[in-house]
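Where a number appears in this text, it was derived from the coordinates with a stated rule and is not lab data. Please read these numbers as outputs of a predicted model, since none were measured by experiment. When we count neighbours, we look across all protein chains shown, and the Cβ atoms used for this are built from the backbone with ideal geometry, even at glycine.
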Amino acid sequence: MEQKFDIAIIGGGIGGLMAAYKIKKETPEKSVIILERGFDQEKRFCPAGKNKKCVHCKICSISGGYAGAGAFSDGKFNIGTAYGGSMGEELGEDTAMKYINMVDKVLESFSEDYPPLYMSNEELKLKCLQNNLRLLDMNVRHLGTDKNYNTMLNLIKHLAGAGVVMKSRAECRDITKLGDEFFVDYDHSGENIRIKADKVIIATGRSGAAFVKAICKKFDVKIEANSVDIGVRVEMKDVIWKEFSSKIYEPKILYRTETFEDRTRMFCFNQGGLVSAENNNGIITANGHSYAEPEKKTDNCNFAILSSIHFKGDFDKPTEYAENIARNMNFAGEGNIIVQRFGDLKRGRRTNEHRLSANSVIPTLAAFPGDLSIVLPYRALTNIIETIYALDKVAPGCANDDTLLYGCENKYYSIRPVHDGNFAITDGMYLIGDGSGITRGLSQSGAMGLYVADAITGNL
Ligand SMILES: Cc1cc2nc3c(=O)[nH]c(=O)nc-3n(C[C@H](O)[C@H](O)[C@H](O)COP(=O)(O)OP(=O)(O)OC[C@H]3O[C@@H](n4cnc5c(N)ncnc54)[C@H](O)[C@@H]3O)c2cc1C
């Protein structure tokens, strides 16, 4: 006999956790289960931290497990709607902000030492404007990797205490609907287990894209394909961006390139940070984070520069397209991310061990020294190079020969299933967070979880 729950949540990232939190807060009597493919938060471990090299774990502890893709992140919470998703467009500014602020309050209640907000800065905005760059306006709260980790752990402990059943190593494989009831099948150590639920919230993040696609196909949910971002993680001396990072913590800058008039963006800035490797279904891409504790800071900073590619016509596989580029990068990098000095890229030569060992910027990730231009599309690479020169005007030193570029870093948005006003993709089944194609950051994913919880509990 299958165990029955009022609500089954698939995915234990911030979206799923916030949904569980709000459901239990509003309706403590409701039974809630969370199924998470990865490990419990405290059991998550990335060997790349020790070996400085991705060893292709079967379950990537960076992208999945309790606390989700954000567990070891820099914990930058964007208190606004200008980036990190399109919740503002979906719900209207006021409602979106109400839920983003609510996420902030929930996190504060689970944090021992909640940091102050970095406010936007008019002077830096003008400086960027005068150089053809657009600094995005947003207030940011930076928890740092360690504080963010502990805050999420406290939230998870609270949920367990509130009676939420939390399964780890539980990969949801299928969902079936019979009448008004859902049957959720998940794999637990090779055993198929089936549970029943009245409502299902899918919160599987970017790493669950294939699962969401399969469910949408099964339930005949239309998917809108749109675009993909391809780019690199950039690493340089921290001092180059000090003027920005000391005032606003995280510069997020848009640029329109000269040659193609394409839009690029600089974002996910990590002051004193580390470049990290992320394994998504066997494909290794670059990312970055930083710790709040001063003794864990490096001399470097890192950020992403991404070039957006919009597909027109019938082409509906932008994610696969970008994954193939990343796969080729791994192939050329002997199974790893490729790192190249900007000076070498400009001169059309690969970076080798010798040149890398003499570099003034010491890499914080052991990547394969090579040549990004043999893999990245000409248009994307041209856009990235032009963006580095444009950024050099507001942060001189950015286009230094010793600046390091790690390839590649991709952001996928393609799977955007059509939903109703409350993010249900079919009656009783909701899709939230980064896996919905609507959010792409911690605050908005969490806000979507809180909103859907209110929709389910009749609290809107
Ligand atoms: C290294 C790194 C740094 C980042 N830094 C920041 C930052 O500073 N600020 C910011 O705003 N954003 C940051 N992000 C992005 C942020 O982490 C995500 O936007 C956020 O985690 C999305 O939350 P989510 O709950 O929608 O999905 P996720 O956090 O991805 O959680 C989804 C969970 O679902 C699980 N899952 C997937 N498929 C299944 C299945 N079939 N069955 C069961 N479970 C499944 C996954 O294992 C995962 O744990 C960062 C991301 C990374 C990887």
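Model label points for residue 177 and residue 160, set 7 angstrom from Cα along the Cα-to-Cβ axis, are 3.4 nm apart. In this entry, region 1-91 is assigned a mean projected area of 8.9 nm², taken as a quarter of its C-alpha convex hull surface. Within the shell defined by Cβ-Cβ distances under 12 Å, the residues around residue 278 carry a net charge of +2, with Lys and Arg each +1 and Asp and Glu each -1. Of 278, 2, 334, the sequence from fewest to most neighbouring Cβ atoms within 10 angstrom is 334, 2, 278. Basic side chains Lys and Arg get +1 at the Cβ, acidic Asp and Glu get -1 at the Cβ, and with that the dipole of region 227-412 about its Cα centre reaches some 260 debye. Sequence-ordered 3J(HN,Hα) estimates for region 57-63 from the Karplus curve with 6.51, -1.76 and 1.60 and θ = phi - 60° stand at 4, 4, 10, 6, 7, 7, 8 Hz, glycine and proline given as x. About its Cα centre, how strong a charge dipole does the chain have in debye, to the nearest 20, once Lys and Arg get +1 and Asp and Glu get -1 at the Cβ? In total the dipole reaches around 740 debye. Only beta bridges with both residues in the chain are counted; by DSSP, about 80 percent of them are antiparallel. Only Cα pairs under 8 Å and 6+ residues apart enter the sum, and on that basis the relative contact order of region 227-412 stands at 33 percent. A crude spin-label estimate for the pair residue 357 and residue 312, with each label 7 Å from Cα along the Cβ direction, gives 5.1 nm. Taking every DSSP helix (H) stretch of at least 4 residues in the chain, weighting each as -39,500 (n - 2.57) and dividing the sum by the residue count yields a mean residue ellipticity at 222 nm of -9000 deg cm²/dmol.
With K and R counted +1 and D and E -1, the other residues having a Cβ less than 14 Å from that of residue 95 yield a net charge of -4. Across every direction, the projection of the convex hull enclosing the Cα atoms of region 227-412 has a mean area of 10.4 nm². Counting neighbouring Cβ atoms within 10 Å and putting the fewest first, the residues 216, 408 line up as 216, 408. Remark: the residue 131-residue 98 segment gains 8.5 nm on full extension, using 0.36 nm per residue and subtracting the alpha carbon distance.
In the chain the Cα-Cα distances spread across 20 Å bins starting at 0 as 26, 58, 16, 0 percent of all pairs. Can you flag which of 105/167; 24/58; 4/222; 127/242; 127/296; 76/125 are past 24 Å Cα-Cα? Violating the 24 Å Cα-Cα cut-off are 105/167; 24/58; 4/222; 127/296. Once backbone amide H atoms are built at 1.01 Å from N, residue 430 has 200, 201, 202, 425 as its partners under 5 Å, excluding neighbours fewer than 5 places away on the same chain. Summarising the label geometry, the points placed 7 Å from Cα in the beta-carbon direction at residue 59 and residue 328 lie 3.4 nm from one another. The value of relative contact order for the chain, using C-alpha pairs under 8 Å at least six residues apart, is 23 percent.
Which is farthest toward the positive dipole end of the chain among 423, 182, 227, measuring Cα position about the Cα centre, with Cβ charges +1 (Lys, Arg) and -1 (Asp, Glu)? It is 227.
Cβ-to-Cβ counts within 10 Å put 452, 212 in ascending order as 212, 452, the fewest first.
Residue 340 sits among other residues whose Cβ lies under 14 Å from its own Cβ, and their net charge, with Lys and Arg +1 and Asp and Glu -1, is 0.
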